[in-house]
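Read through the structure below, which is laid out as structure tokens, and then see the notes.
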Amino acid sequence: MIQANSHDDSAHGSHDHGEHHAPPAQFAVRVLRQDAPGAPSYWERHTITRENDMNVISVLQRIAAQSETADGDKTTPVAWDCNCLEEVCGACTMLVNGKTRQACSALVDKLLAENPEEIELRPMSKFPVVRDLMVNRSRLFRALQKVQAWIPVDGYYDMGSGPRVSPANQEQAYPLSECMSCGCCLEACPQFTKIELKKQEGETDEAFKAREQAAFDRGFVGAHAISQVMLFNNHPTGAMNAPARLEALMAEGGIQDCGNAQNCVAVCPKKIPLTTSIGRAGRATTVHAIKKFFDR
Ligand code: SF4
Ligand code: SF4
Ligand code: FES
């Protein structure tokens with residue numbers, strides 16, 4: 001609950017340090033819209049009546065219900081992606097007041113405390129826009145495919161209990177397993193630049209997808225994929241495929257493209273120790289390369 005004066009200032013002889021202001025009855029929202037992939041973007045302003053416990057998703061729902069801009073022009077609902085509504089799926093990631101974060105956990109009163117003037121919503125800049133705030137994150141998932149970020153099973157029959165995992169190993173693995181593929185680390189990474197291809201005339205869907213995946217594979221894989229390699233390579237069963245994952249990290253667009261700017265670790269909403277993973281992956285790929293050299 002926001003209170004006008006929730007702690008006692010009188011002892012300091014002051015009544016206004018600007019800590020707590022009553023939230024406004026209404027607030028402005030500025031949304032960067034785009035009608036289709038590759039189309040020009042444009043700003044749209046909305047006025048929203050504040051309610052208790054609003055998040056950015058509820059703001060977008062109010063915008064859809066109002067169907068009018070702040071200038072009184074008719075408009076269509078803003079498109080956005082969401083799923084879990086509890087910061088677990090990563091689908092609602094967007095730039096809120098310039099910061100990459102999840103719309104479902106971005107609380108209006110906190111945003112207004114940061115900037116009482118308005119809330120600004122933009123799609124992530126490193127992924128192609130599908131419409132408005134909805135982006136196509138398929139490159140992020142392609143990177144996970146490229147590094148084989150899974151443990152293969154060859155059937156769904158009962159394979160018995162797996163190997164024992166030590167508590168020390170569990171402690172190291174658990175934080176890495178929390179990755180929700182949101183893309184914040186990629187949005188912040190200077191080495192991860194946007195790849196957006198257009199379908200050529202007469203190109204089949206399959207041919208376009210193959211061309212797009214080849215382009216994705218040449219681009220930087222990103223901190224999320226490097227960290228997942230460390231998660232699966234350090235699992236006793238996953239370790240069986242460790243060389244293939246390391247090979248993928250050493251290919252074009254691999255770990256050598258990381259400039260160690262450390263922006264990724266600063267923005268990860270799950271506080272995953274990405275630079276630790278990158279350091280460990282760097283050592284693992286070096287050892288793998290030396291081993292390969294002597295095994296020739
Ligand atoms: S440390 Fe590497 S992955 Fe992380 S932001 Fe920097 S360049 Fe990108
Ligand atoms: S590593 Fe963190 S920032 Fe990157 S995709 Fe996973 S949860 Fe999001
Ligand atoms: S809807 Fe899943 S993280 Fe926001």
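Restricting to the range 266-287, what's the tally of residues that are within 14 Å of ligand 2 (Cβ to nearest atom) and either more than 17 Å from the chain's Cα centre (by Cα) or in a loop (DSSP other than H, G, I, E, B) (or both)? I'd like the intermediate steps shown before the answer.
Taking the range 266-287 and keeping what is within 14 Å of ligand 2 (Cβ to nearest atom), we get 266-278, 281.
Narrowing further to those that are either more than 17 Å from the chain's Cα centre (by Cα) or in a loop (DSSP other than H, G, I, E, B) (or both): 268-273, 276-278, 281.
Result for the range 266-287: 10.
Only one of (1) farther than 26 Å from residue 262 by Cβ; (2) assigned by TED's automatic domain parsing to the domain that holds residue 221 is not met by residue 117, so which one is it?
So residue 117 meets the others, but not (2).
Is one or more of the residues making up the range 152-166 touching a helix residue (DSSP H, G or I) at 6+ places or on another chain (Cβ under 6 Å) and over 30 Å from residue 52 (Cα atoms)? Can you show your working first?
We begin by selecting, within the range 152-166, every residue touching a helix residue (DSSP H, G or I) at 6+ places or on another chain (Cβ under 6 Å); these are none.
No, that holds for no residue.
Is it the case that some residue within the range 253-261 is touching an Asp or Glu at 6+ places or on another chain (Cβ under 7 Å), more than 16 Å from ligand 2 (Cβ to nearest atom) and either closer than 26 Å to residue 89 by Cβ or not polar (S, T, N, Q) (or both)?
First, the residues of the range 253-261 that are touching an Asp or Glu at 6+ places or on another chain (Cβ under 7 Å): 253.
Filter once more, so that each one left must be more than 16 Å from ligand 2 (Cβ to nearest atom): 253.
Among the residues that remain, those that are also either closer than 26 Å to residue 89 by Cβ or not polar (S, T, N, Q) (or both) are: 253.
Yes: the range 253-261 contains one or more residues that are touching an Asp or Glu at 6+ places or on another chain (Cβ under 7 Å), more than 16 Å from ligand 2 (Cβ to nearest atom) and either closer than 26 Å to residue 89 by Cβ or not polar (S, T, N, Q) (or both).
So, in the range 240-265, of the ones that are of a type outside the set (S, T, N, Q), within 16 Å of residue 279 (Cβ to Cβ) and not in a helix (DSSP H, G or I), which residue ends up farthest from ligand 1 (Cβ to nearest atom)? Please lay out each step first, then the result.
From the range 240-265, those of a type outside the set (S, T, N, Q) are 240, 242-255, 257-259, 261, 264-265; that's our starting set.
So of that shortlist, the ones also within 16 Å of residue 279 (Cβ to Cβ) come out as 246, 249-250, 254-255, 257-259, 261, 264-265.
Now drop any that are not not in a helix (DSSP H, G or I), which leaves 254, 258-259, 261.
Details: 254: 11, 258: 3, 259: 4, 261: 3 Å.
The residue in question is 254.
For the range 180-219, which residues satisfy the criterion of being surrounded by fewer than 14 Cβ atoms within 10 Å (Cβ to Cβ) and among the polar types (S, T, N, Q)?
193, 200, 204 - these are the residues of the range 180-219 that are surrounded by fewer than 14 Cβ atoms within 10 Å (Cβ to Cβ) and among the polar types (S, T, N, Q).
Show the residue pairs meeting these rules: Cβ distance below 6 Å; 6+ apart or different chains; first residue within the range 75-101 and of a type in the set (S, T, N, Q); second residue surrounded by 15 or more Cβ atoms within 10 Å (Cβ to Cβ) and assigned to a loop (DSSP other than H, G, I, E, B).
75/69; 83/89; 83/91; 93/182; 93/183
Test residue 78 against the stated conditions and say whether it is assigned to a loop (DSSP other than H, G, I, E, B) and closer than 24 Å to residue 246 by Cβ. Steps first, please.
Working: assigned to a loop (DSSP other than H, G, I, E, B): yes; closer than 24 Å to residue 246 by Cβ: no.
So residue 78 fails the test.
Checking the structure you have, find out if any residue of the range 283-291 is among the charged types (D, E, K, R), surrounded by 13 or more Cβ atoms within 10 Å (Cβ to Cβ) and outside the structural domain of residue 88 (by TED's automatic domain parsing).
Taking the range 283-291 as the starting set, the residues that turn out to be among the charged types (D, E, K, R) are 283, 291.
Now narrow it down to the ones that are surrounded by 13 or more Cβ atoms within 10 Å (Cβ to Cβ): none.
No, because not a single residue in the range 283-291 is among the charged types (D, E, K, R), surrounded by 13 or more Cβ atoms within 10 Å (Cβ to Cβ) and outside the structural domain of residue 88 (by TED's automatic domain parsing).
Looking at the range 114-162 only, could you name the residues that are at pLDDT below 95 and surrounded by 15 or more Cβ atoms within 10 Å (Cβ to Cβ)?
Passing the criteria: only 151.
Could you go through the range 223-245 and let me know if any residue there is of a type in the set (D, E, K, R) and surrounded by fewer than 18 Cβ atoms within 10 Å (Cβ to Cβ). Don't jump to the end; show me each part of the working.
Here is the first cut: in the range 223-245, the residues of a type in the set (D, E, K, R) are 245.
Pick out the ones that are also surrounded by fewer than 18 Cβ atoms within 10 Å (Cβ to Cβ) and you get none.
No, the range 223-245 has no match at all.
Within the range 57-79, identify whether any single residue is in the same structural domain as residue 33 (by TED's automatic domain parsing), surrounded by 13 or more Cβ atoms within 10 Å (Cβ to Cβ) and within 15 Å of ligand 2 (Cβ to nearest atom), and answer yes or no.
No, the conditions are met nowhere in the range 57-79.
Within the group 191, 200, which residue is away from ligand 2 (no atom under 16 Å from the Cβ) and not in a helix (DSSP H, G or I)? Spell out the reasoning first.
On the way: 191 fails: away from ligand 2 (no atom under 16 Å from the Cβ).
Answer to the selection: 200.
Exactly one condition in (1) part of a helix (DSSP H, G or I); (2) more than 22 Å from residue 183 (Cβ to Cβ) is false for residue 59; which is it?
(2)
Could you tell me which of the residues 188, 173 is more than 15 Å from ligand 1 (Cβ to nearest atom), touching a residue at least 24 places away in the same chain (Cβ under 8 Å) and under 30 Å from residue 264 (Cβ atoms)? Walk me through it before giving the result.
Numbers: 188 fails: more than 15 Å from ligand 1 (Cβ to nearest atom).
Testing whether each residue is more than 15 Å from ligand 1 (Cβ to nearest atom), touching a residue at least 24 places away in the same chain (Cβ under 8 Å) and under 30 Å from residue 264 (Cβ atoms) leaves just 173.
Suppose the filter is modelled with pLDDT of 95 or more, basic (Lys, Arg) and within 15 Å of ligand 3 (Cβ to nearest atom); does residue 101 pass it?
Working: modelled with pLDDT of 95 or more: yes; basic (Lys, Arg): yes; within 15 Å of ligand 3 (Cβ to nearest atom): yes.
Yes: the conditions hold for residue 101.
Can you name the residue in the range 63-75 that is touching a strand residue (DSSP E or B) at 6+ places or on another chain (Cβ under 9 Å) and not in a helix (DSSP H, G or I) and is also modelled with the lowest pLDDT among such residues?
Taking the range 63-75 first, the residues touching a strand residue (DSSP E or B) at 6+ places or on another chain (Cβ under 9 Å) are 63, 66-71, 73-75.
Right, trim to not in a helix (DSSP H, G or I) and you get 67-71, 73-75.
Working: 67: 90, 68: 95, 69: 97, 70: 97, 71: 95, 73: 96, 74: 96, 75: 96.
Within the range 63-75, the match that is modelled with the lowest pLDDT is 67.
Out of the residues in the range 176-201 that are within 16 Å of ligand 3 (Cβ to nearest atom) and within 15 Å of residue 216 (Cβ to Cβ), state the one that is nearest to the chain's Cα centre (by Cα).
183
The values are calculated or read from the model by the stated rules, or taken from the named source; none is laboratory data. Quantities reported herein were computed from a predicted structural model and do not represent experimental measurements. Positions of Cβ are generated from backbone atoms using ideal geometry, with glycine treated the same way; all protein chains shown enter the neighbour counts.
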